[in-house]
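Student: Here it is, the structure in full.
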Amino acid sequence: MTPENFQLQLLAWFDQSGRKDLPWQHPISSYRVWLSEVMLQQTQVVTVIPYFNKFIKRYPTVNELANAPLDDVLSLWAGLGYYARARNLHKAAKQIAKAGFPETLESLVDLPGVGRSTAGAVLSIAFNKSHAILDGNVRRVLARFKLIEGWTGGSAVNKQLWDISEYFTPDARVADYTQAIMDLGATVCTRSKPLCLQCPLQSDCLALAQDKVHLLPTPKLSKKIPVKQLVFIIATNKNGEILLEKRPPTGIWGGLWSLPELENKQDVSAWADKHQLVIHKRTELKVKRHTFSHYHLDYAPIQLIVDSPTNNVMEAGLRIWYKHTQHKNIALPAPINQLFDEFKEE
DNA sequence: GAGGCGTGGTG
DNA sequence: TCACCAAGCCT
């Protein structure tokens, strides 16, 4: 199938069945497309929509995002995951505010958090410039259409797919084309139960012809992920406030606020002594599991009712007493938020 | 190249 | 309950 034919079929399908009412499509701007593409990294559309709307409401322009404190940005991002994206977004916004919005592949990839595929998406969708993308949807569509076997993350297969993606990317109507091929992957050429009978490319799809659609793209060999254990301290003072700690700027939940952590529950009293807290009551809650992409976390919440001396100066900026029943404008990891929600019900 | 980095939905 | 998955990027 020629690229022209491929594009024609895809665009005709898009005009009929593509998604044209996503929040970042009205209106289209470089800032809105960039923001949405970063949020959509490894994240589904339905999850992103409310976060995108919150961000646009709070930060209508990139300048307002650039001038916001990182803590505020993280608090809006809380729950969306992969928090390096928020930290990079903020850093990139500052660069854009100073130097203007980049309009070339090289300058876009220079932004933190923007790789080749995100850059291609911004250039094609926001500027209608002819650049290819290779996200999960496009990988799946192209791997099937051209019957490319082998894990698509491997360098050889990866290069092959980029070449194919560039080969099919048109000069005209690139914005629609890019949206079209992603939409096709998201709604027709899905990982499980693909709707091949509705596909505009079915007549030339090699995987369909050989009945190998369900085998492609080849999944990565899965490894067993480890289990880590720790104790979360829920220390509540007489004002009903809970002690929170600021996490390091990088690593898991980087830059967010979380509960103090201990390796095991024998360390609780030593921990309390260290922070000059007198324990009045101690309750061990049921162990729960939170699963990350790369490990399981089995955490045992231990609730402590404590007295803390007046003027108990916490390390500046790294510890706070937090009223979880009130304002929520603080960045908490999802499982911590869930834990607090359970408390509120009582 | 391989591993770190979230979360919620699904079968 | 559990493995797997979804619009990747960075080190």
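Student: Yes or no: A:D211 assigned to a helix (DSSP H, G or I), away from DNA strand B (no atom under 16 Å from the Cβ) and either open to solvent by 20 Å² or more (accessible area, probe 1.4 Å) or assigned by TED's automatic domain parsing to the domain that holds A:K20 (or both)?
Tutor: No, not satisfied.
Student: Return the pair list, or none, for Cβ contacts closer than 7 Å from residues in the stretch A:134-148 that are touching a residue at least 40 places away in the same chain (Cβ under 8 Å) to residues that are open to solvent by less than 10 Å² (accessible area, probe 1.4 Å) and part of a loop (DSSP other than H, G, I, E, B), at least 6 apart or on different chains.
Tutor: Between residues of the stretch A:134-148 that are touching a residue at least 40 places away in the same chain (Cβ under 8 Å) and residues that are open to solvent by less than 10 Å² (accessible area, probe 1.4 Å) and part of a loop (DSSP other than H, G, I, E, B), the close pairs are A:A143/A:L216; A:R144/A:L216; A:F145/A:L201.
Student: With the requirement that a residue be open to solvent by less than 20 Å² (accessible area, probe 1.4 Å) and either touching a Ser or Thr at 6+ places or on another chain (Cβ under 7 Å) or acidic (D, E) (or both), what does the stretch A:6-47 give you?
Tutor: Across the stretch A:6-47, the qualifying residues are A:W24, A:Y31, A:V38.
Student: Quick test of your reading of the structure: A:A97 fulfils all but one of (1) away from DNA strand B (no atom under 16 Å from the Cβ); (2) under 21 Å from A:L134 (Cβ atoms). Name the failing condition by number.
Tutor: Every condition holds for A:A97 apart from (2).
Student: Filter the stretch A:35-81 for residues that are among the aromatic types (F, W, Y) and within 16 Å of DNA strand C (Cβ to nearest atom); which is nearest to A:I320 (Cα to Cα)?
Tutor: A:W77
Student: Could we say that A:K228 is basic (K, R), more than 19 Å from A:S117 (Cβ to Cβ), away from DNA strand C (no atom under 13 Å from the Cβ) and open to solvent by 80 Å² or more (accessible area, probe 1.4 Å) here? Give the derivation first.
Tutor: Values: basic (K, R): yes; more than 19 Å from A:S117 (Cβ to Cβ): yes; away from DNA strand C (no atom under 13 Å from the Cβ): yes; open to solvent by 80 Å² or more (accessible area, probe 1.4 Å): yes.
Yes.
Student: I've got another one for you. State yes or no: is A:L216 away from DNA strand C (no atom under 14 Å from the Cβ) and either in contact (Cβ under 8 Å) with a residue 12 or more places away in the chain or open to solvent by 40 Å² or more (accessible area, probe 1.4 Å) (or both)?
Tutor: For A:L216, the condition - away from DNA strand C (no atom under 14 Å from the Cβ) and either in contact (Cβ under 8 Å) with a residue 12 or more places away in the chain or open to solvent by 40 Å² or more (accessible area, probe 1.4 Å) (or both) - is not met.
Student: Right, something else. Has the stretch A:168-176 got any residue that is surrounded by 18 or more Cβ atoms within 10 Å (Cβ to Cβ), touching a residue at least 40 places away in the same chain (Cβ under 8 Å), more than 9 Å from DNA strand C (Cβ to nearest atom) and aliphatic (A, V, I, L, M)?
Tutor: Yes, the stretch A:168-176 has at least one match.
The values are calculated or read from the model by the stated rules, or taken from the named source; none is laboratory data. Everything numeric here is computed off the predicted structure, so don't read it as measured data. Note that we place each Cβ from the backbone using ideal geometry, even for glycine, and neighbour counts take in every protein chain shown. What goes into the accessible areas is simple: the full protein's heavy atoms, side chains included, and nothing from ligands, DNA or RNA. Shrake-Rupley method; radii C 1.70, N 1.55, O 1.52, S 1.80 Å.
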